[in-house]
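Below: the structure, in structure tokens.
Nothing in this text is a laboratory measurement; each read-out follows from the coordinates by a stated rule. All figures in this text were calculated on a predicted structure; none of them were measured in a lab. Using ideal geometry, Cβ is built from the backbone for each residue, glycine included, and neighbour counts are taken over all protein chains shown.
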Amino acid sequence: MSRIGKRPVELPSGVSASVSGQTVEVKGPKGTRSFTANDDVTITFDDNALTVTPRGKSKRARQQWGMSRTQVANLVQGVTEGFKKELEVQGVGYRAQMQGNTLKLSLGLSHEVNFEVPQGVTVTTPKPTEITIEGTDQQEVGQVAANIREWRVPEPYKGKGIRYKGEFIFRKEGKKK
């Protein structure tokens, strides 16, 4: 039995949901999101809550049960609070700034990196060494953060690069004479 799958997803005030077949559509203050579930689970809407139940007792149905419930919960969280990732830029001369829909990164390369921000995601730079990524889709926010971090992954000797806020980078000792 899935401990996660058993719990219903409660809808806060200001959020409405509709279920048609395997598709769930959730509307809230931050927008509208939808999710199409696998045929191994059934999604029902009653008493201002969404419930996910498996069809049958197969291993695949039980696997999809908890995952589908989490996807539906992420829809609700996305349209109410949204998702947020924070990145830190560390290194001498390393900085970031937004210009329109483009994030300009100076990362010690011979050229400036221009990163086009995709639709549905908001990127801000409160400080030249901080990048904040916000949006309603958790997967998209995480992917944008990973793509930005990929330009200069933190190296283990000096710790220079782009890291997630609060991320621990294992530091190595350099060469000795």
Loop-only check: which chymotrypsin sites (Phe, Trp or Tyr not before Pro) in region 129-174 are DSSP coil with at most 12 other Cβ within 10 angstrom? TYR157, PHE168, PHE170
Per residue of the chain, what 222 nm ellipticity follows from adding -39500 (n - 2.57) for every DSSP H run with n ≥ 4, rounded to the nearest 500? -7000 deg cm²/dmol
Convert 10 °C to kelvin, take the viscosity as 1.306 mPa s, use the Kirkwood radius over C-alpha pairs of region 3-80 as Rh, and evaluate the Stokes-Einstein diffusion coefficient in µm²/s, rounded to a whole number. 129 µm²/s
Cut-off under 20 Å on the C-alpha distance; same-chain residues fewer than 8 positions from LYS30 excluded. Which aspartates and glutamates are left, in chain and number order? GLU10, GLU81, GLU86, GLU134, ASP137, GLU140
For an R0 of 41 angstrom, estimate the FRET efficiency from the Cβ-Cβ distance between GLN90 and SER34 and round to the nearest 0.05. 0.60
Pairs LYS104/LYS165; LYS27/LYS165; LYS104/LYS160; LYS127/LYS172: which are spaced more than 22 Å apart, C-alpha to C-alpha? LYS27/LYS165; LYS127/LYS172
If neighbour count is taken as other Cβ atoms inside 10 Å, put SER18, SER106 in order from fewest to most. SER18, SER106
Convex hull volume per residue for the chain, taking Cα atoms only, in Å³: 163 Å³
Just the projected area, averaged over all directions, of the convex hull on the alpha carbon atoms of region 83-164: how many nm²? 5.0 nm²
Exactly which trypsin sites (Lys or Arg not before Pro) in region 72-145 are in a DSSP loop and have at most 15 other Cβ atoms within 10 Å? none
Environment charge of PRO154, counting only residues whose C-beta is closer than 11 Å and scoring Lys/Arg +1, Asp/Glu -1: +3
Return the lysines within reach of LYS57: Cα separation strictly under 20 angstrom, same-chain partners fewer than 8 residues apart disregarded; answer none if there are no such residues. LYS6
